[in-house]
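Accompanying notes for the structure given below.
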Amino acid sequence: MKTYRIAAIPGDGIGTEVVDAGVEVLKALAQRAGSFDFQFDHFDWGGEYYQKHGRMMPEDGRDQIRNHHAILFGSAGHPDIPDHITLWGLRLAICQPFDQYANVRPTRVLPGITSPLRHVSGPELDWVIVRENSEGEYSGVGGRVHQGHAIEAATDVSIMTRAGVTRIMRFAFQLAQGRPRKLLTVVTKSNAQRYAMVMWDEVAAEVAKEFPDVTWDKAIVDAMTMRMTLKPWSIDTVVATNLHADILSDLAAALAGSLGIAPTANLNPEGLFPSMFEPIHGSAFDIMGKGIANPIGTFWSAVMMLEHLGEKPAADRLMRAIERVTANPDLHTPDLGGKASTRQVTDAVIGAIAADNT
Ligand code: ATP
């Protein structure tokens, strides 16, 4: 029997609650499948670890998880620690050295969930956003001089490389090709940004030639926000830079009903390093410890993890279980307007896995 070693990094806030729920669901799924198993190794990295040790993860942290098959991540963020420290100290400290350059974010209006957009239900909003996850605006290049003085200056330099843009375009075109509509929108800002974004467009056009069966178009990022809200059915697969996709995918999550549902995968497509799966929401300290965090975003991320591991039947079974549960408004957490707890939703998904005879 195949055993997958999974590094579980719950992080901070509701991250611990939803990752615990995710681990339970994955164990139930393995038991139901009978053909594979999980070994979960838990790592207590994050804000509390920082307060004890002065860093978000140990110096050799990456070596401790380098040989795992995948990483299940919760959220990094702490009210007493600046966000750039928590982000760069943990999440980006894993994503960047592990070259998880493709960040994939599916968005759908699941059964039983109401989109804030009028007249929009399942078929009209079914997107996958591909975010460039290794360079661009979040390259970490920049600096500050004259700190604290009136003449202080600061830069964040966006770095785009031909190799980096080519690989994310190829990934996005391939993904679009594998979806029924074979439709890709390349988000850009080449009207105002004359260098890197123009190269981004050029590379898109070059890579497009390798995929003649994919229909593609370009959208300026500001116009894209309008298209997402006014004509969501005109969109299928989307590729955008690190910053643009960061913003657009939060909008996408809200349009699909709640931030608590949205999943994401940080992929190293070549498999040289482990890939990382996480809900897109943050630590949500306002609801921490109340037992009401929506675990669906983590469960859906677990679906993506199973697909990545090659366990497609188990991934499909978990997605069916999720959809059965969301279809029942009595099992909605407060972010969806319901009264259910994390525990109830988790138990219901585990029950739906057991009851699934497909
Ligand atoms: P961070 O600083 O770590 O990004 P945040 O609290 O600023 O975290 P999010 O956690 O992403 O931001 O979400 C904003 C709000 O959305 C939260 O304060 C919370 O009320 C709600 N929310 C997010 N995720 C969930 C969830 N899984 N279940 C219920 N509500 C959620």
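Laboratory data are not the source of any read-out in this text; all were calculated from the coordinates shown. Model, not experiment: these values are computed from the prediction. Heads up, the Cβs are rebuilt from the backbone with ideal geometry, glycines too, and the neighbour counts pull from every protein chain shown.
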Compute the signed sum of charges (Lys and Arg +1, Asp and Glu -1) over the other residues within less than 13 Å, Cβ to Cβ, of F273.
-1
Provide the percentage of antiparallel DSSP beta bridges, counting only those with both residues in the chain; round to the nearest 5.
45 percent
Magnitude of the charge dipole, the chain, Cβ model with Lys/Arg +1 and Asp/Glu -1, debye to 20
740 debye
Which residues make up the longest stretch of the chain that has no GluC sites (Glu not before Pro) in a DSSP loop with at most 13 other Cβ atoms within 10 Å?
60-151
Global geometry of the stretch 175-272, whether rounded, prolate or oblate, following the gyration tensor of its Cα atoms and the 1.5 cut on a/c:
rounded
Across the alpha-carbon set of the stretch 285-356, Rg over Rh with Rh taken as the Kirkwood radius works out to 1.00
Projected onto the charge dipole of the stretch 85-231 (unit charges on the beta-carbon of Lys, Arg, Asp and Glu, signs +1, +1, -1, -1), the Cα from M199, P116, V157 with the largest positive-side position is that of P116
Longest site-free stretch - the chain; sites: trypsin sites (Lys or Arg not before Pro), DSSP loop, at most 16 other Cβ within 10 Å
210-289
Would you mind estimating how fast the stretch 217-358 diffuses translationally, via Stokes-Einstein at 20 °C and 1.002 mPa s with the Kirkwood radius over Cα pairs, in µm²/s?
129 µm²/s
Taking N as the number of residues in the chain, what is its Cα Rg relative to 2.2 N^0.38 Å?
0.98
If you stretched the chain out fully between R170 and D44, how much longer would it get, using 0.36 nm times the residue separation minus the C-alpha to C-alpha distance?
41.8 nm
If eta is 1.002 mPa s and T is 20 °C, what Stokes-Einstein diffusion coefficient results for the stretch 115-256, Kirkwood Rh from Cα pairs, in µm²/s?
133 µm²/s
Run the numbers for R181 and T155: contour at 0.36 nm per residue of separation, minus the present Cα-Cα distance, in nm.
5.3 nm
Amide H contacts under 5 Å for D126, placed H, 5+ residues apart:
none
What number comes out for the charge environment of L90, summing +1 per Lys or Arg and -1 per Asp or Glu over other residues with Cβ under 14 Å away?
-3
For the pair D330 and A33, what calculated FRET efficiency results from E = 1/(1 + (r/R0)^6), where r is the Cβ-Cβ distance and R0 = 35 Å, to the nearest 0.05?
0.80
Provide the percentage of antiparallel DSSP beta bridges, counting only those with both residues in the stretch 115-256; round to the nearest 5.
30 percent
Under 5 Å between amide H atoms, partner at least 5 residues away or on a different chain: which partners does A219 have, H built in plane at 1.01 Å?
V186, V187, T188
Quick check on my link table: of K2/K52; K27/K290; K231/K312; K2/K290; K2/K182; K231/K339, which ones sit more than 26 Å apart, alpha carbon to alpha carbon?
K2/K52; K231/K312; K2/K290; K2/K182; K231/K339
Candidates G13, G337, G136: whichever shows maximal mean-square fluctuation once the chain is modelled as a Gaussian network with Cα springs under 10 Å:
G337
Cross-link reach from K189 to aspartates and glutamates, straight Cα distance under 20 Å and at least 8 residues apart if same chain, gives E132, E135, E137, D156, D201, E202, E206, D217, D222, D236, D246, D250
GNM top mover of D286, D83, D37 - the chain, alpha-carbon springs below 10 Å:
D286
